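Q: Mind having a look at this structure? Questions to follow.
The values are calculated or read from the model by the stated rules, or taken from the named source; none is laboratory data. Because the structure is a prediction, the values reported are computed rather than measured. Heads up, the Cβs are rebuilt from the backbone with ideal geometry, glycines too, and the neighbour counts pull from every protein chain shown. Calculation scope for accessible area: heavy atoms of the full protein, side chains included, ligands and nucleic acids excluded. Shrake-Rupley method; radii C 1.70, N 1.55, O 1.52, S 1.80 Å.
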Amino acid sequence: MKILAIETSCDESAAAIVEDQDFRPVILSHVVASQIATHASTGGVIPNIAARMQTEALPHVLREVTKDQTLSYDAVAVTVGPGLIGSLLIGVAAAKTIAWQQNIPFFAVNHLEGHIYSAWLTPSSVEGIAPLLPELPALIVIVSGGHTELILMERHLHYRHLGQTRDDAAGEAFDKVARLLGLPYPGGPAIAELAKHGDRQAYKLPISLMEKDNLEFSFSGIKAAVAHLAAELGDPLSEHIKADIAASFEHTVAETISRKTVAALRQNPGIESVCLVGGVAANQYLRRHLEQAVVTAQPKIAFITAPFQYCTDNAAMIGAAAIHHHLFGKPDNWYDAVANPNLELS
Ligand code: KG4
Ligand code: ZN
């Protein structure tokens with residue numbers, strides 16, 4: 001089955017055509033139009049501007065993704081939540097219209113499920129060698145702008161929540177610390193760039209909720225600690241100090257996520273793979289640090305990260321999730337589907 005997937009949950013307008021080939025999602029076409037440049041000028045996403053820009057961008061994105069006349073699709077999928085309601089509505093309305101007008105199956109996808117299935121988008125880089133796909137049970141580490149969560153996936157489309165953040169998500173912490181350091185939005189890539197020139201041990205920042213067996217996260221403490229540190233070190237901060245703060249912050253976040261992941265592995269024997277997904281999974285330092293921690297703790301477990309370009313919001317991951325709905329579940333009725341900004345992953 002070839003699925004046209006649409007993702008408009010926040011500030012990216014994205015579409016992709018994804019096909020199942022031997023139980024694996026393969027991307028035939030994909031387009032992402034980002035609003036980053038607009039939101040950089042305001043320091044963050046303003047919901048009504050994001051929604052208006054979705055209405056402008058999505059028709060172009062849909063035209064672009066289907067411009068190869070030889071490409072067809074036989075189902076449509078869309079993110080129905082969680083996200084910004086105004087942005088979600090645009091994609092959901094478009095997908096429903098396509099399903100109705102072309103009389104094709106419709107798949108309603110949870111945005112987090114999309115991030116999870118981005119781990120199945122590994123390309124087969126070498127001819128004849130099968131790509132490394134996650135084996136189940138898998139421990140999913142979702143680190144995005146809105147979520148930080150450990151999920152145990154024993155079967156396809158079944159998610160057991162092991163622990164999540166009590167306050168800020170990891171991406172949110174990156175964005176807020178970036179703002180404290182006077183860096184542009186989005187903060188993640190800006191911090192990562194600056195951190196390359198800093199000393200990771202320069203400042204000791206707090207790791208929250210470190211009691212044994214606690215799989216929840218909290219990133220408000222580290223954000224407050226950076227705010228205190230920045231105030232203490234004076235204004236303006238030198239580039240050298242900023243780099244040291246960025247490097248220490250990035251290290252502490254990576255260490256927090258690694259310790260929680262290893263604790264979850266210890267508590268749940270039999271896990272075959274660990275999958276790091278979500279916007280913050282684009283962070284190279286985190287990818288290396290977590291892989292090292294997992295391999296050291298349990299050398300037989302496969303460590304899989306979503307391919308770099310599919311970590312942040314995109315529609316290929318929504319297509320990948322929809323392919324698994326097709327393989328292991330069933331389509332949804334388009335007329336029952338509603339955009340839900342607070343949709344839970346069940
Ligand atoms: O998954 P995503 O695109 O959107 C949500 O679903 O939230 O994640 C966006 C988040 C932002 O907070 C951004 O700062 C962060 O991912 N991010 C990064 C990097 N690239 C994006 N954080 C750390 N390092 C990066 N390289
Ligand atoms: Zn996302």
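Q: Quick one: check the C-alpha center-to-center distance for segment 190-204 versus segment 55-109, whole angstrom.
A: Result: 40 Å between the Cα centres.
Q: Accessible area per residue for the chain in Å², computed with a 1.4 Å probe and the full protein assembly in place, what is it?
A: On the way: 15220 Å² over 346 residues.
Here the residues of the chain average 44 Å² of exposed surface.
Q: Let's see if you can work this out: charge +1 on each Lys and Arg Cβ, -1 on each Asp and Glu Cβ, no other charges. What is the dipole magnitude of the chain about its Cα centre, in debye to the nearest 20?
A: Result for the chain is approximately 260 debye, rounded to the nearest 20.
Q: How much accessible area does TRP120 have with a 1.4 Å probe, in Å² rounded to the nearest 10?
A: 10
Q: Given R₀ = 25 Å, what would the calculated FRET efficiency be for GLN164 paired with LYS300, taking r from the Cβ atoms and rounding to 0.05?
A: Working: r = 27 Å, r/R0 = 1.08.
With a Förster radius of 25 Å, E is 0.40.
Q: Also: Could you give the dipole magnitude of segment 80-189 about its Cα centre, charging the beta-carbon of Lys and Arg +1 and that of Asp and Glu -1, in debye to the nearest 20?
A: Charge dipole of segment 80-189: 240 debye, to the nearest 20.
Q: Given a 1.4 angstrom probe, I'd like the percentage of the accessible area of the chain that is carbon and sulfur, rounded to a whole number.
A: For the chain, the apolar C and S fraction of the accessible surface comes to 53 percent.
Q: Run the simple label-point estimate for GLN267 and SER41 please: 7 Å along Cα→C-beta, distance reported in nm.
A: 4.6
Q: Can you find, among ALA297, VAL226, GLY146, the residue farthest towards the positive end of the dipole of segment 138-305? Put +1 on the C-beta of Lys and Arg, -1 on that of Asp and Glu.
A: ALA297
Q: Something else now. Top to bottom by accessible area (1.4 Å), largest first, where do TYR310, TYR335, TYR203 land?
A: TYR335, TYR203, TYR310
Q: Same structure again: Could you work out how far helix 239-267 tilts from the main Cα principal axis of the chain, as a 0 to 90 degree angle to the nearest 10?
A: 60
Q: Please report, in debye to the nearest 20, how large the charge dipole of segment 138-305 is about its Cα centre when each Lys and Arg carries +1 at its beta carbon and each Asp and Glu carries -1 there.
A: On the way: 17 positive and 19 negative charges, 85 e Å.
That gives a dipole near 400 debye.
Q: May I ask you to derive the relative contact order of the chain, considering only C-alpha pairs under 8 Å and at least 6 residues apart, and to give it as an integer percent?
A: 25
Q: Along the charge dipole of the chain, which of ALA246, ALA320, ALA75 sits closest to the positive end, that is, farthest toward it, with unit charges on the beta carbon of Lys, Arg, Asp and Glu (+1, +1, -1, -1)?
A: Going by the charge dipole, the pick is ALA246.
Q: Which order do the peptides 288-301, 235-248, 318-331 come out in when sorted by mean C-beta neighbours inside 10 angstrom, highest first?
A: Final packing ranking: 318-331, 235-248, 288-301.
Q: Given a 1.4 Å probe and the protein chains all in place, what does the accessible area of THR42 round to, in Å² to the nearest 10?
A: Answer for THR42: close to 80 Å² accessible.
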